[in-house]
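Enquirer: Can you read through this structure? Questions will come right after.
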Amino acid sequence: MNKTDKIMDIAAKRGFFYPSAEIYGSKAGFWTYGHLGTRIKHKWQNLWREFFLGLNNNFFEVEDCNILPKQVFVGSGHLENFNDPLTECNKCHFRFRADDLIEDALDINAEGIDEEAMTKLIEDNMLLCPKCQSKLLPVRMFNMMFDLKVGATGDDVMYLRPETAQAPFLAFKREFNALRKKIPMGLAVIGKAFRNEISPRQGFFRLREFSQAELQIFFDADKINEAEDWNSVKDYKLRLFTVKDRKTKKIQEVSCKDANTKLKIPKFYVYHLAKVQQFYLDALKVQKENFRFRELDAKERAFYNKIHFDVELNLETLKGFKEVAGVHYRTNHDLGGHQKCSKENLEVFVDEKRFVPHVLELSFGVDRNVWALLDIFYKEEKERALFTFPQNVAPIDVAVFPLVKKDNLPEKAQEIFKDLTKSFKTFYDESGSVGKRYRRQDEIGTIYCVTVDHDTLDKNTVTIRDRDSMKQIKVDVKELVNVLNKLICCELKFEKAGSLIK
Ligand code: GAP
């Protein structure tokens, strides 16, 4: 089995995620989060909330409907422009995403190539249907939004939102007034988005129903070269892979100051690049070699973006750097579009000026980030497979075991387990040998295992075992919550937290 298959196997078997409606033969691009996956997803989302809403005290979260009126997507431009290139087999009529087909066959980046050029590439290179080897029809554009008939007559067409981002634009006027008319103002949404992907593939990575965590920051375009907290980041080194770096294939480490003065990226944008990078490197503990910002050129950028860097993580399961998030300068594209389409005035009056605010968007795919965590923290050792998740995303903090299922040890272990559940996400297990129980917890990334043995009854001590080093210490039961708390908050070194068992 390769790494992807191994992770998929653990994910399905242990309850991270598995295909949706599996008992009926599931559809590609739809997945269910199991009990562990849901924990990781929620922990990742909470970390995201805490980190990004904490950047400014005028950043808040809103929540909107998944189903929105057609006019929203006329105003945003999605109805006209949210398309992917599609080609169809002349014989078996299977439909493929043309850029994927070209990229796989010719090993080139096909993002941003237009329909005619793709058709020509297919013809010139005699690319055939991967299923039945017949000819492919000319490439055409396919709108990726799901439409719905709403109401009893079905006359009303509405759409499932293809990005959560529209919610803050629709809520902008009310929130701006409610929040005392100040900008920058940030409105975040964490929720579902839906795209009728032509070929959902890469397992859990390209989905038809997925979650996004997005922050729209409304600001004054005249102040794009200002950032309030600039001094705190000016010497911070960003890992950039700009359009120019594609020839050398080298990632540059550029200070925020140089990114602004030499690469001419506005301060407001650079500041937020730094914060996004810190989220990955400091909060999620991603190794810096596995992180980069990839700049997209004018042809590759989404139709609403003026500056666009994707966040890419180096994922072994996906054979290299893959997009998990993006930092998008959307200008006043959306508010301007909605103002025109709705006839509602969306201008603000700030600093003696009337204008439509511009928007910087920090956009994250939650599911891709969850997959990235599994990829990055999966390890194999001689006798075990484990996830070395940091505490802030690990699904279970502590597992509690009685050494054997007799001598009153299960009763004592239950008592300790109940006590720990007040402070930690805790799991109780008494089946199989202790060795097997350790392996089972390693496989889901549980950070500590607490074993209750005869010493617990005689001396009131338990054994704590550390997932990563497999070292063990003895700790007094009275001290257990306190010690685990300090370990989890990294305030104490494991070896120093109790008496080390040699
Ligand atoms: N609001 C801007 C926006 O939606 P995007 O680049 O289309 O921009 C943002 O999507 C993020 O959402 C991506 O970086 C990716 O992580 C995630 N995403 C996009 N399409 C996805 C899909 N089909 N399945 C899973 N995640 C997806």
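Enquirer: Give me, ordered by chain and number, the residues 5 or more places off VAL400 or on other chains with an amide H under 5 Å from its own placed amide H.
Expert: Those qualifying (amide H under 5 Å, at least 5 residues apart or on another chain) are PHE427, TYR428, ASP429, VAL450.
Enquirer: Moving to a separate point now. If you plug each phi of the stretch 133-147 into the Karplus form 6.51 cos²θ - 1.76 cosθ + 1.60 with θ = phi - 60°, what whole-Hz ³J(HN,Hα) values come out, in order, with x for Gly and Pro?
Expert: Values, residue by residue: 6, 9, 5, 9, 7, x, 6, 9, 8, 10, 6, 8, 7, 8, 9 Hz.
Enquirer: Averaged per residue, what accessible area in Å² does the chain show with a 1.4 Å probe, protein chains only?
Expert: In whole numbers, the chain has 48 Å² accessible per residue.
Enquirer: Among the lysines, which have Cα under 18 Å from the Cα of LYS340 when same-chain residues fewer than 8 positions away are ignored?
Expert: LYS70, LYS173
Enquirer: Once phi is turned into ³J(HN,Hα) by the Karplus curve 6.51 cos²θ - 1.76 cosθ + 1.60 with θ = phi - 60°, what whole-Hz value does each residue of the stretch 223-232 show in order, with x for glycine and proline?
Expert: 10, 5, 9, 10, 9, 4, 9, 4, 4, 6
Enquirer: Ok, one more. Using only DSSP helix segments of four residues or longer, with each worth -39500 (n - 2.57), what per-residue ellipticity at 222 nm results for the chain after dividing by its residue count and rounding to 500?
Expert: -9000 deg cm²/dmol
Enquirer: What accessible surface, in Å², does a 1.4 Å probe find on ASP407, ignoring ligands, DNA and RNA and rounding to the nearest 10?
Expert: 80
Enquirer: Moving on to the next point. Rank these by accessible area, largest first, 1.4 Å probe: MET8, MET144.
Expert: Ranked from most to least accessible, the order is MET8, MET144.
Enquirer: Between ASP147 and GLN414, how many nm apart are label points set 7 Å from Cα along the C-beta direction?
Expert: Taking the two extended label points, one gets 6.0 nm.
Enquirer: Going from most exposed to least, what order do THR317, THR421 have by accessible area with a 1.4 Å probe?
Expert: THR421, THR317
Enquirer: Can I ask one more? For GLU316, project a label point 7 Å along Cα to C-beta. Then give me every residue of the stretch 1-33 with its amide nitrogen under 14 Å of that point.
Expert: 1-8
Enquirer: If you roll a 1.4 Å probe over the stretch 396-501 with all protein chains in place, what percent of the accessible area is carbon or sulfur?
Expert: The computed percentage sits at 51.
Enquirer: Apply 1/(1 + (r/R0)^6) to the Cβ-Cβ distance of LYS264 and SER232, taking R0 = 22 Å, and write down the FRET efficiency to the nearest 0.05.
Expert: 0.55
Enquirer: Still on this structure, I have one more. Using a basic spin-label model with each label point 7 Å from the Cα along Cα→Cβ, how many nm lie between GLU381 and GLU80?
Expert: With each label placed 7 Å out from Cα toward Cβ, I get 5.9 nm.
Enquirer: Residue by residue, what Karplus-based ³J(HN,Hα) values in Hz, rounded to whole numbers, does the stretch 41-58 have, using 6.51, -1.76 and 1.60 with θ = phi - 60° and x for Gly and Pro?
Expert: 4, 5, 5, 4, 5, 5, 5, 4, 3, 4, 6, 7, 6, x, 6, 7, 6, 10
Enquirer: With every protein chain left in place and a probe of 1.4 Å, what is the accessible surface of CYS89, to the nearest 10 Å²?
Expert: We get 0 Å² for CYS89.
Enquirer: Here's another thing I want to ask about it. Using heavy-atom solvent-accessible surface (probe 1.4 Å) with all chains present, what is the largest-first order of HIS338, HIS454?
Expert: Reading off the accessible areas and sorting them downward yields HIS454, HIS338.
Enquirer: Give me the one-decimal nm value for the distance between modelled label points at GLN71 and THR38, 7 Å along each residue's Cα-to-Cβ direction.
Expert: Placing both labels 7 Å beyond Cα along the Cβ direction yields 3.8 nm.
Enquirer: Another question, if that's okay. If each residue of separation counts as 0.36 nm, what is the full-extension length gain between ASP124 and LEU53 once their alpha-carbon separation is subtracted?
Expert: The ASP124-LEU53 span can extend by a further 20.5 nm.
Enquirer: Shifting gears a bit: With a 1.4 Å probe and all protein chains kept in place, how much accessible area does TRP31 have, in Å² rounded to the nearest 10?
Expert: 70
Enquirer: Stretched out fully, how many nm does the piece from LYS425 to LYS182 gain, at 0.36 nm a residue minus the Cα gap?
Expert: Residue separation times 0.36 nm, minus the Cα-Cα distance, leaves 83.5 nm.
Enquirer: For the stretch 168-183 and the stretch 354-373, write down the distance between their C-alpha centroids in whole Å.
Expert: 18
Enquirer: For an R0 of 45 angstrom, estimate the FRET efficiency from the Cβ-Cβ distance between VAL157 and GLU443 and round to the nearest 0.05.
Expert: For R0 = 45 Å, the calculated efficiency reads 0.45.
The values are calculated or read from the model by the stated rules, or taken from the named source; none is laboratory data. Fair warning: this is a prediction, and the values are worked out from it, not measured in the lab. As a convention, Cβ positions derive from the backbone with ideal geometry for all residues, glycine included, and neighbour counts pool all protein chains shown. Ligands, DNA and RNA are stripped out before the accessible areas are found, and what is left, the full protein with its side chains, is counted by its heavy atoms. Shrake-Rupley method; radii C 1.70, N 1.55, O 1.52, S 1.80 Å.
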